[in-house]
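Working notes, beginning with the structure itself.
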Ligand code: 5AD
Ligand code: SF4
């Protein structure tokens, strides 16, 4: 289809998103800001007047990927010098001006609190790049309704920033201080999403359960969101173990819409490492929390984040991490080699574990977790789960995919079911990552 005359006049923007769910949600906010300013979306960089990469700074590898992508795009810009090339997000904030030296073809660099000013920055970008990496303690973009992709699930940013300052983590430096979105703004956005066919919301925040606006805490917020008609399922990510309150556990246990799945990052199973990481809890406290959660919330699934090879990690610490993984029995784990990040408290301590040894420890953690995931998924065989249908499965003709309440992917023959339906699926077989079954 050829674009209409009006569309042809509209400048087009192409965007790529790296990193976490917060960035996906931020890109939807950026898309809304630019649409308001008269931009249309381009599907491919070749069709765009403006190319934006929304980036992640959490590990060095994430930054390297973006720098590689930028040099591909520089070639495109070489052919079409009128293209505006911009870098957004955490890496913009982390590297600031030095980015302009590393990537001289950039026209603009905007940190996570500068998206409102993007139209102006794109317009202003000339010989010198426009750089705006001011952090703003108050910015929540509460009045901007993010663009939604039309799927049955939507991310909704409930709070931004982080005040925890774990020793390894760059997030507090690149995303700034903790701030929560007013409940009425969140509820307005969620009601609109429900009207557009969204059935599941995932409330987002770097430490989402630190949410507080006036006297509304996270437990109260969960109960308010549960009152929104049309929203069938509520999830959130990521909670911090230290901010887990009784009120929030009660809300999870008693609100049927709040799904029995928690991503509860532990990082390490060694108290010595947890103290060095400044995580604010011990292994014993974490395990007691897991026990409380499992006692309160029926059918609870748990996942976690693990870092291997942090400064000073000995084999005995690593063994403790393996032991913790075994004793919790996570459904899933996201595992990372420690990556030294400038600005963080641990940066000056340097690395004590070699890349090779980090790789070995990582492989061990992954192999252990794979076996536990498989075991836990196999235990689901024969059982019936209500699955929210998302759409066609990636593989298998006529197969649909969706999530169980425990956030496990289930695939099954369609039999007339449609995205947005909740169907009961009996599980017939399982791998470490997928459940396969039929609608009962
Ligand atoms: N190196 C490796 N992993 C990290 N994470 C955060 N900072 C680092 C780092 N410097 C991991 C943590 C966090 C997840 C989002 O990323 O496990 O929970
Ligand atoms: Fe980073 Fe710790 Fe904040 Fe999570 S809680 S974003 S790991 S500083």
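Read-outs: derived from the displayed coordinates by stated rules, not from any lab. Source: prediction; values computed, not measured. Here the Cβ is made from the backbone with ideal geometry for all residues, glycine too, and neighbour counts use every protein chain on show.
May I ask you to give the average projected area over all directions of the convex hull of the Cα atoms of segment 133-203, in nm² rounded to one decimal?
Values: hull surface 22.4 nm².
Taking the Cα atoms of segment 133-203, their convex hull projects to 5.6 nm² on average.
Once you have the Kirkwood Rh of segment 208-327 from its Cα pairs, apply Stokes-Einstein at 37 °C and 0.692 mPa s and quote D in µm²/s.
It comes out at roughly 213 µm²/s.
Using per-residue counts of other Cβ atoms within 10 Å, averaged over each peptide, order 162-168, 99-105 from highest down. Write out the running numbers ahead of the final one.
Numbers: 162-168: 17.9, 99-105: 15.4.
Descending mean neighbour count gives 162-168, 99-105.
If packing is taken as the average number of other Cβ atoms within 10 Å across a peptide's residues, how do 335-345, 218-228, 141-151, 390-400 rank, most packed first? Walk me through the numbers on the way to the answer.
Values: 335-345: 17.5, 218-228: 19.6, 141-151: 15.6, 390-400: 14.1.
The packing order, highest mean first, is 218-228, 335-345, 141-151, 390-400.
Could you list, bin by bin from short to long, the percent of Cα-Cα pairs of segment 68-124 in 5 Å steps?
Per 5 Å bin, starting at 0, the Cα pair percentages come out as 4, 19, 29, 26, 17, 5, 0.
Compute the distance from the alpha-carbon center of segment 236-257 to that of segment 40-100, in whole Å.
37 Å
May I ask for the Rg/Rh ratio of segment 289-398, computed from Cα atoms with Rh as the Kirkwood radius, given to two decimals?
Numbers: Rg = 17.9 Å, Rh = 16.6 Å.
So for segment 289-398, dividing Rg by the Kirkwood Rh gives 1.08.
Full-extension gain between residue 278 and residue 349, please, as 0.36 nm times their residue separation minus the C-alpha to C-alpha distance. The partial results should precede the final answer.
Details: separation 71, 0.36 × 71 = 25.56 nm, distance 1.39 nm.
So the chain would gain 24.2 nm between residue 278 and residue 349.
Would you please state the base-10 log of I(q)/I(0) at q = 0.18 1/Å for segment 356-396, with intensities from the Debye formula using one equal scatterer on every alpha carbon?
-0.76
Would you mind estimating how fast segment 39-136 diffuses translationally, via Stokes-Einstein at 37 °C and 0.692 mPa s with the Kirkwood radius over Cα pairs, in µm²/s? Show your work: numbers first, answer last.
On the way: Rh = 13.4 Å.
Rounded to a whole number, D works out at 245 µm²/s.
Counting only DSSP beta bridges with both residues in segment 62-189, what percent are antiparallel, rounded to the nearest 5? Let's see the in-between values first.
Details: 2 of 8 bridges.
If I count the DSSP bridges inside segment 62-189, around 25 percent turn out antiparallel.
Calculate the tail of P(r) for segment 284-332: the fraction of all Cα-Cα distances greater than 11 Å, expressed in %.
Details: 854 of 1176 pairs.
That tail contains 73 percent of the Cα-Cα pairs.
What full-extension length gain, to one decimal in nm, is calculated for residue 96 and residue 357 as 0.36 nm per residue of separation minus the Cα-Cα distance? The partial results should precede the final answer.
On the way: separation 261, 0.36 × 261 = 93.96 nm, distance 3.20 nm.
Result: 90.8 nm gained on full extension.
Give the dimensionless ratio obtained when the Cα radius of gyration of segment 351-440 is divided by 2.2 N^0.38 Å. Numbers along the way, then the final one.
Working: Rg = 16.6 Å, N = 90, 2.2 N^0.38 = 12.2 Å.
Dividing the Cα Rg of segment 351-440 by 2.2 N^0.38 Å gives 1.37.
log10 I(q)/I(0), Debye, Cα-only segment 185-249, no solvent, q = 0.17, 0.19 Å⁻¹?
-0.57, -0.71
Just subtract the alpha-carbon distance of residue 187 and residue 245 from 0.36 nm times their residue separation and send over the number in nm, one decimal. All intermediate terms of the calculation are to be shown ahead of the outcome.
Values: separation 58, 0.36 × 58 = 20.88 nm, distance 2.20 nm.
Using 0.36 nm per residue and subtracting the Cα-Cα distance, I get 18.7 nm.
Relative contact order of segment 301-428: what whole-number percent is it, with Cα pairs under 8 angstrom and at least 6 residues apart?
Numbers: 186 pairs, mean separation 28.7, N = 128.
This gives 22 percent for segment 301-428.
Highest first, please rank the peptides 109-121, 244-256 by the mean number of other Cβ atoms sitting within 10 Å of their residues. Numbers along the way, then the final one.
Working: 109-121: 21.4, 244-256: 16.5.
Those peptides, ordered most packed to least, come out 109-121, 244-256.
Taking square-rooted eigenvalues a ≥ b ≥ c of the alpha carbon gyration tensor, is the chain rounded, prolate or oblate, where a/c under 1.5 means rounded and, failing that, a/b exceeding b/c means prolate? Provide the component values of the computation, followed by the final result.
Numbers: a/c = 1.57, a/b = 1.20, b/c = 1.31.
Oblate is the answer for the chain, as a/c is 1.5 or above yet b/c matches or exceeds a/b.
For the residue pair residue 67 and residue 342, what label-to-label distance in nm results when each label sits 7 Å from Cα along the Cα-to-beta-carbon direction?
1.0 nm
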